[in-house]
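Some notes on the structure that comes next.
The values are calculated or read from the model by the stated rules, or taken from the named source; none is laboratory data. Computed from a predicted model, the values in this text were never measured in an experiment. All Cβ positions, even for glycine, are placed from backbone atoms using ideal geometry, and neighbour counts span all protein chains on display.
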Amino acid sequence: MKVAFISGTSIMNSPLFSSWESRTVDTQYGAVTCKVRRDHALINRHGYGFPLPPHSINHRANIRALAVLGYRDIVSLNSVGSLKPELLPGTLVSCGDYVGLQQGPATFFDAEFKGAAPVISNNLIPMLVGKLAPEFQIQTGKVYVQMRGPRFETKAEIRVVKGWGDVVGMTAAHEADLCAEIGLRYNSLAIIDNYANGLEGTEIDFDKFKDLVKTNQEKVNRLFARMLEILD
């Protein structure tokens, strides 16, 4: 099955893609490096050099590159913070909707009065959820709240937004918007690496966050290995 993946910093720590061919795709928004093997492609949204912080990611180039390569089905894996006490770190979720009010949507339509209805297609999620079980339990239908970054949210900000959704992150809303504009089907998967700042007494900073991501690395590696088996 021809499927492209978008993931984040955890990919840089995974040996799964070390043998995949590196390819540079030129787009009108910039060049994008991706990994390719047979029918699959992988983009690290932060880049493969010095990782870009969330607010500096060239989302337009990333999504356009996948379209140039002929992909229509996209599976995204995002690192998120939990906004709900019952959604523990280590939990896998799929988001079916999102909130992105802190900044304007990412768009390809700079010179046209045009837009696309926001949607997360999740056309592959029912199949993936079924075939990944029982090894992986994925909670579906969650709502993603996007904040700008690169800093984490203040405790006061989390008190405001925790009623808006289930998890908080910095990237998925932009990716979903851009995919919708050019007819790509965006599928959401996310791993909860931490409780949001202040939730359940959490004090969050980048060093603690990196440790939490490392804790979930083995699970992410195994998840990707299983998805590749399923989608092959």
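Quick one: in region 154-191, which of the residues that are part of a loop (DSSP other than H, G, I, E, B) and free of Cβ contacts under 8 Å to residues at least 60 places away in the same chain is surrounded by the fewest Cβ atoms within 10 Å (Cβ to Cβ)?
We begin by selecting, within region 154-191, every residue part of a loop (DSSP other than H, G, I, E, B); these are 154, 162-166, 170-171, 182-184.
Now drop any that are not free of Cβ contacts under 8 Å to residues at least 60 places away in the same chain, which leaves 154, 163.
On the way: 154: 11, 163: 8.
Here the answer is 163.
Taking the listed residues 90, 8, 30, the one that is over 25 Å from residue 139 (Cα atoms), out of contact with any Phe, Trp or Tyr (no Cβ under 9 Å at 6 or more places or on another chain) and of a type in the set (Gly, Ala, Ser) is 30, with no other qualifying.
State all residues of region 129-153 that are among the charged types (D, E, K, R), more than 30 Å from residue 229 (Cβ to Cβ) and surrounded by 18 or more Cβ atoms within 10 Å (Cβ to Cβ); if no residue qualifies, say none. Break it down into steps so the answer makes sense when it comes.
Quick first cut of region 129-153, residues among the charged types (D, E, K, R) only: 131, 135, 142, 148, 151, 153.
Remaining after also requiring more than 30 Å from residue 229 (Cβ to Cβ): 148, 151, 153.
Once the filter is applied, which keeps residues that are among the charged types (D, E, K, R), more than 30 Å from residue 229 (Cβ to Cβ) and surrounded by 18 or more Cβ atoms within 10 Å (Cβ to Cβ), region 129-153 yields only 153.
Out of 216, 194, one residue alone is in contact with an Asp or Glu (Cβ under 8 Å, 6 or more places away or on another chain) and touching a residue at least 24 places away in the same chain (Cβ under 8 Å). It is 216. The combined condition, being at pLDDT 95 or above, touching a helix residue (DSSP H, G or I) at 6+ places or on another chain (Cβ under 8 Å) and of a type in the set (S, T, N, Q), is fulfilled by residue 187.
Taking the conditions (1) over 30 Å from residue 60 (Cβ atoms); (2) surrounded by fewer than 14 Cβ atoms within 10 Å (Cβ to Cβ) in turn, residue 232 satisfies each one other than (1). Within the bounds of region 87-109, is there any residue that is assigned to a loop (DSSP other than H, G, I, E, B), modelled with pLDDT of 95 or more, farther than 30 Å from residue 162 by Cα and aromatic (Phe, Trp, Tyr)? Within region 87-109, none of the residues are assigned to a loop (DSSP other than H, G, I, E, B), modelled with pLDDT of 95 or more, farther than 30 Å from residue 162 by Cα and aromatic (Phe, Trp, Tyr). Of all residues in region 112-133, those that are farther than 16 Å from residue 5 by Cβ have Cβ atoms under 8 Å from Cβ atoms of residues that are hydroxyl-bearing (Ser, Thr, Tyr) and surrounded by 12 or more Cβ atoms within 10 Å (Cβ to Cβ), 6 or more apart or on another chain, in 115/107; 118/98; 119/186; 129/94; 129/140.
Do we have any residue at all in region 20-35 that's within 25 Å of residue 193 (Cα to Cα) and either surrounded by 13 or more Cβ atoms within 10 Å (Cβ to Cβ) or at pLDDT 90 or above (or both)? Yes, some residue in region 20-35 is within 25 Å of residue 193 (Cα to Cα) and either surrounded by 13 or more Cβ atoms within 10 Å (Cβ to Cβ) or at pLDDT 90 or above (or both).
Residues that are buried (at least 20 other Cβ atoms within 10 Å of the Cβ) and assigned to a loop (DSSP other than H, G, I, E, B) within region 43-60 comprise 45, 46, 57, listed in sequence order.
Taking the numbered list (1) touching a Phe, Trp or Tyr at 6+ places or on another chain (Cβ under 6 Å); (2) without any contact (Cβ under 8 Å) to a residue 60 or more places away in the chain; (3) of a type in the set (Val, Ile, Thr) in turn, residue 74 passes all entries but (2).
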